[in-house]
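Take a look at the structure set out below.
The values are calculated or read from the model by the stated rules, or taken from the named source; none is laboratory data. Note that the structure is a prediction, hence the values are computed from the model and not measured. Here the Cβ positions follow ideal geometry from the backbone for every residue, glycine too, while neighbour counts run over all protein chains shown.
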Amino acid sequence: MLDLPQHGVQLLEISARNAQQRLDNFLLSKLKGVPKSRIYKLLRSGQVRVNKGRKKADYRLQPGDTVRIPPLRMAEVDDSKAPQHLVERVSQAVIFEDSQLLVLDKPAGIAVHSGSKLKFGVIEMLRQARPDAQMLELVHRLDRETSGCLVVAKSKDALNKLHQSFRDEADRMEKIYRAVVCGRWQGAEKNIDLPLLKNTIRGGERIVEVNPEGKDARSLFMPLAYHDDLSLMEIKIFTGRTHQIRVHAQAAGYPIAGDKKYGNDKLNNTLKKRGLKRMFLHAYRLSFSLGTQHYDICAPLDDAWQSVLN
């Protein structure tokens, strides 16, 4: 049940422990069981306030901020459970764990969290599998169709420190991806430094596009192997923009194989006929520090990757 009164609002003062946490993530942690779509609706409508004013979902909370949370009817809490076979699949995907965090090799096709059309994602399934866990919170996100390393914090202290490492240039988490792209890559490694703008409407669909008015985004594409009209790439990202690798690959003329939004429809259909229905983008390796502990974690490629190159 929600720790909220049904007859009034709740005013929460932000301590140093929650400083720099995104407002949406703070609400998700406080309103367990409330659908994510409902929380974002509260933000858009201004029912959630910070210091008596409206704030966007990505606002970073500051010590001393006062967050107003409106009363929520218990009927608004969604207690639906994920199918057990999916919960077991997510549980078995854990490739590393210690007292501070765990890392999953997220399966392709499963969202990291619930949304407007999804009742559950990886984090909800993980909580369902571990009902006694005091805290499990996503440190970052991956696209639904992207597989690979996904970090989950097991304490508020670990979550805050990892979020800080994302923002600190000197200690930034190193992220290495593997991808199969359409076409035979020409030349050696290529640095793609193109700004990206979110939520552009094209053909009735929300997309990310290269636009000088967007946010800075930088990716380093490095070829590993070639096979006919496909190339295996290693990609290092220096920023973490939505759909960054997918849009940069498209802009370079080598879209990700199997990408339904930014990819090559003709090649995607050819891959489908061969039984290869996923998007071939994988969060391959993460390297970061948490206090004095250094982590270097790798999620290996599965058999489908060898199949697509063969």
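Can you tell me which residue in region 230-273 is farthest from Ala188 (Cα to Cα), limited to those that are in contact (Cβ under 8 Å) with a residue 12 or more places away in the chain and β-branched (Val, Ile, Thr)?
First, pick out the residues of region 230-273 that are in contact (Cβ under 8 Å) with a residue 12 or more places away in the chain: 230-264, 267, 271.
Filter once more, keeping what is β-branched (Val, Ile, Thr): 235, 237, 239, 242, 245, 247, 256.
Details: Ile235: 13, Ile237: 17, Thr239: 21, Thr242: 26, Ile245: 17, Val247: 20, Ile256: 18 Å.
My answer is Thr242.
Any chance region 260-277 includes a residue that's within 22 Å of Glu174 (Cβ to Cβ) and not in a loop (DSSP other than H, G, I, E, B)? Within region 260-277, none of the residues are within 22 Å of Glu174 (Cβ to Cβ) and not in a loop (DSSP other than H, G, I, E, B). Within region 271-310, being of a type in the set (D, E, K, R) and closer than 14 Å to Gly258 by Cβ holds for Lys272, Lys273, Arg274, Lys277, Arg278, Asp302. Is it the case that Ala283 is closer than 23 Å to Ala93 by Cα and surrounded by 12 or more Cβ atoms within 10 Å (Cβ to Cβ)? Spelling it out, Ala283 is indeed closer than 23 Å to Ala93 by Cα and surrounded by 12 or more Cβ atoms within 10 Å (Cβ to Cβ).
Would you confirm whether any residue within region 244-252 is out of contact with any helix residue (DSSP H, G or I) (no Cβ under 7 Å at 6 or more places or on another chain), of a type in the set (Val, Ile, Thr) and crowded, with 17+ Cβ neighbours inside 10 Å? Before the answer, list the steps.
Here is the first cut: in region 244-252, the residues out of contact with any helix residue (DSSP H, G or I) (no Cβ under 7 Å at 6 or more places or on another chain) are 244-252.
Pick out the ones that are also of a type in the set (Val, Ile, Thr) and you get 245, 247.
Now narrow it down to the ones that are crowded, with 17+ Cβ neighbours inside 10 Å: 245, 247.
Scanning region 244-252 turns up at least one residue that is out of contact with any helix residue (DSSP H, G or I) (no Cβ under 7 Å at 6 or more places or on another chain), of a type in the set (Val, Ile, Thr) and crowded, with 17+ Cβ neighbours inside 10 Å.
Here Arg241, Arg218 are screened, and the one residue that is surrounded by 17 or more Cβ atoms within 10 Å (Cβ to Cβ) and within 21 Å of the chain's Cα centre (by Cα) is Arg241.
Being surrounded by fewer than 19 Cβ atoms within 10 Å (Cβ to Cβ), assigned by TED's automatic domain parsing to the domain that holds Leu138, of a type in the set (Lys, Arg) and under 30 Å from Ile297 (Cα atoms): is that true of Arg60 here? Give the steps one after another, and end with the answer.
Details: surrounded by fewer than 19 Cβ atoms within 10 Å (Cβ to Cβ): yes; assigned by TED's automatic domain parsing to the domain that holds Leu138: no; of a type in the set (Lys, Arg): yes; under 30 Å from Ile297 (Cα atoms): yes.
It is false that Arg60 is surrounded by fewer than 19 Cβ atoms within 10 Å (Cβ to Cβ), assigned by TED's automatic domain parsing to the domain that holds Leu138, of a type in the set (Lys, Arg) and under 30 Å from Ile297 (Cα atoms).
Please go through region 103-118 and pick out each residue that is surrounded by 19 or more Cβ atoms within 10 Å (Cβ to Cβ) and without any contact (Cβ under 8 Å) to a residue 60 or more places away in the chain. Steps first, please.
In the first step, residues of region 103-118 are kept if they are surrounded by 19 or more Cβ atoms within 10 Å (Cβ to Cβ); the result is 103-106, 108, 110-112, 114.
Answer for region 103-118, where residues must be surrounded by 19 or more Cβ atoms within 10 Å (Cβ to Cβ) and without any contact (Cβ under 8 Å) to a residue 60 or more places away in the chain: Leu104, Ile110, Ala111, Val112.
Here is a yes/no grid of residues against (1) without any contact (Cβ under 8 Å) to a residue 60 or more places away in the chain; (2) in the same structural domain as Gly148 (by TED's automatic domain parsing):
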position	(1), (2)
Asp24	yes, no
Leu31	yes, no
Arg38	yes, no
Arg49	yes, no
Arg54	yes, no
Asp65	yes, no
Phe96	no, yes
Leu101	no, yes
Phe120	yes, yes
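In region 175-198, what residues are assigned to a loop (DSSP other than H, G, I, E, B) and over 22 Å from Asp303 (Cα atoms)?
So the first thing to find is which residues in region 175-198 are assigned to a loop (DSSP other than H, G, I, E, B), and the list is 183-189, 194-195.
Listed by number, the residues that qualify are Trp185, Gln186, Gly187, Ala188, Glu189, Leu194, Pro195.
Taking first residues from region 190-210 that are in the same structural domain as Met233 (by TED's automatic domain parsing) and partners that are at pLDDT 90 or above and loosely packed, with under 12 Cβ neighbours inside 10 Å, the Cβ contacts under 7 Å between residues at least 6 apart in sequence or on separate chains come to Pro195/Pro212; Pro195/Asp216; Leu197/Glu213.
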